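First up is the structure itself, then whatever we jot down about it.
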Amino acid sequence: MTNMTMIEAIRSAMDVMLDSDPGVVVMGQDVGYFGGVFRCTSGLQEKYGTPRVFDTPINESAIVGMAIGMAAQGMKPCVEMQFADYVFPAFDQITQEAARIRHRSNGQFSCPMVIRMPTGGGIYGGQTHSQSPEALFTHVAGLKVVQPSTPRDAKGLLIAAMNDPDPVIFLEPKRIYNGPFYGDHSAESIGWGSHPGGDVEDDLFTIPLGKADIRRAGNEVTILCYGTMVYVAERATEKTGIDAEIIDLRSLLPLDLDTITASIKKTGRCVVVHEATRTSGFGAELIAEIQEACFYHLEAPVQRVTGWDVPYPHAQEWDYFPGPDRVSRAMRRALEA
């Protein structure tokens with residue numbers, strides 16, 4: 001067991017997979033010699049050579065297209081997009097090819113590939129480096145979508161994703177690469193050294209896709225969140241003193257509906273939190289599922305805390321970012337209704 005940042009845990013996952021499976025390759029813009037824009041692949045090319053860890057042209061569609069061909073022939077490519085915002089030129093390849101290949105080939109081909117991409121804001125990246133596009137991918141049948149909130153989860157989920165026979169979109173909340181973030185940008189930065197989620201097994205281990213984590217047990221209201229918003233929800237709970245049950249979804253598709261419904265049937269109230277824009281965000285799908293499964297157990301309308309329906313701003317980032325004050329108000333609305 002070693003204490004790691006999320007960057008180190010992601011690198012460790014790729015390291016153990018490269019070491020244990022000769023079919024694994026790591027590819028993307030600047031992932032080789034440079035070690036990736038966030039250094040998640042630092043040292044891997046030196047260790048495994050350019051045939052296993054290699055730089056690609058600046059062409060997202062070509063990167064994903066090449067990875068699909070490799071996956072169809074039995075390899076396990078792990079692709080890095082420098083930012084989630086850069087994935088859109090490859091959207092056709094992901095949604096029309098990678099997601100469909102098992103179905104359209106009647107099971108003759110599968111597509112065991114992972115597309116890693118840093119997501120979300122909180123780093124002053126502006127509108128083209130801060131987006132959260134998870135809902136665009138959860139809409140597509142044939143894809144799996146994952147977003148960890150701790151280094152340990154990042155390693156275990158990434159190894160599980162790299163061993164999965166189908167394509168996995170692996171979203172990495174970059175605001176918590178180096179430590180938890182509780183929503184106060186003026187507070188001193190916190191590293192992973194003092195957080196139990198930073199303690200990570202050194203060897204190969206997996207966390208199954210499709211299984212949520214109850215981060216805090218509670219009885220008054222259920223908070224559904226993922227990524228950076230897990231820590232914002234924790235801080236809101238501390239500030240209000242409300243006995244909230246915080247569920248870290250971890251896997252958005254497949255979704256652990258059993259854990260969600262069991263919690264809401266206990267608490268009778270729910271708040272959904274995500275950083276992406278509100279309209280057609282993943283929270284809307286969560287609320288629809290909750291209404292169908294828990295309608296007669298709900299004591300109040302489900303509350304939603306999200307980003308605003310505007311491009312992610314640079315100058316007013318913290319007015320956009322869903323902070324603990326907004327989550328606190330939503331919790332109180334749920335209890336007062």
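The values are calculated or read from the model by the stated rules, or taken from the named source; none is laboratory data. No experiment lies behind these values; they were computed from the predicted model shown. Glycine also receives a Cβ, built like all others from the backbone with ideal geometry; neighbour counts cover every protein chain displayed. The protein model used for the area step is the full one, side chains on, heavy atoms only, and it has no ligands, DNA or RNA in it. Shrake-Rupley method; radii C 1.70, N 1.55, O 1.52, S 1.80 Å.
Would you tally the residues in segment 247-263 being charged (D, E, K, R) and open to solvent by less than 10 Å² (accessible area, probe 1.4 Å)?
1
When residues of segment 294-322 are filtered for being open to solvent by 40 Å² or more (accessible area, probe 1.4 Å), in a helix (DSSP H, G or I) and within 21 Å of residue 226 (Cα to Cα), how many remain?
Number satisfying all stated conditions: 2.
Show the residue pairs meeting these rules: Cβ distance below 7 Å; 6+ apart or different chains; first residue within segment 83-96 and closer than 13 Å to residue 58 by Cβ; second residue open to solvent by less than 20 Å² (accessible area, probe 1.4 Å) and not polar (S, T, N, Q).
Pairs found: 83/117; 83/118; 90/63; 90/64.
Can you report the number of residues in segment 1-34 which are assigned to a loop (DSSP other than H, G, I, E, B) and either within 23 Å of residue 86 (Cα to Cα) or aliphatic (A, V, I, L, M) (or both)?
8
Return the residues of segment 282-305 that are in contact (Cβ under 8 Å) with a residue 60 or more places away in the chain and in contact with a Leu (Cβ under 8 Å, 6 or more places away or on another chain); say none if nothing qualifies.
282, 286
Do you know which residues across segment 277-293 are open to solvent by 30 Å² or more (accessible area, probe 1.4 Å) and part of a loop (DSSP other than H, G, I, E, B)?
Residues satisfying the conditions are 278, 279, 280.
Within segment 172-228, how many residues are of a type in the set (Ser, Thr, Tyr) and over 22 Å from residue 132 (Cβ atoms)?
Number of matching residues: 3.
Within segment 326-337, restricting attention to residues that are open to solvent by 80 Å² or more (accessible area, probe 1.4 Å) and without any contact (Cβ under 8 Å) to a residue 60 or more places away in the chain, which residue is farthest from the chain's Cα centre (by Cα)?
Restricting to residues being open to solvent by 80 Å² or more (accessible area, probe 1.4 Å) and without any contact (Cβ under 8 Å) to a residue 60 or more places away in the chain, the top hit is 336.
So which residues in segment 150-180 are within 20 Å of residue 312 (Cβ to Cβ) and open to solvent by less than 20 Å² (accessible area, probe 1.4 Å), if there are any at all?
Across segment 150-180, the qualifying residues are 169, 171, 172, 173, 174, 176, 177.
Those residues that are within 13 Å of residue 78 (Cα to Cα), in contact with a strand residue (DSSP E or B) (Cβ under 8 Å, 6 or more places away or on another chain) and either open to solvent by 40 Å² or more (accessible area, probe 1.4 Å) or among the acidic types (Asp, Glu) (or both), I need them from segment 1-24; list them, please.
Answer for segment 1-24, where residues must be within 13 Å of residue 78 (Cα to Cα), in contact with a strand residue (DSSP E or B) (Cβ under 8 Å, 6 or more places away or on another chain) and either open to solvent by 40 Å² or more (accessible area, probe 1.4 Å) or among the acidic types (Asp, Glu) (or both): just 21.
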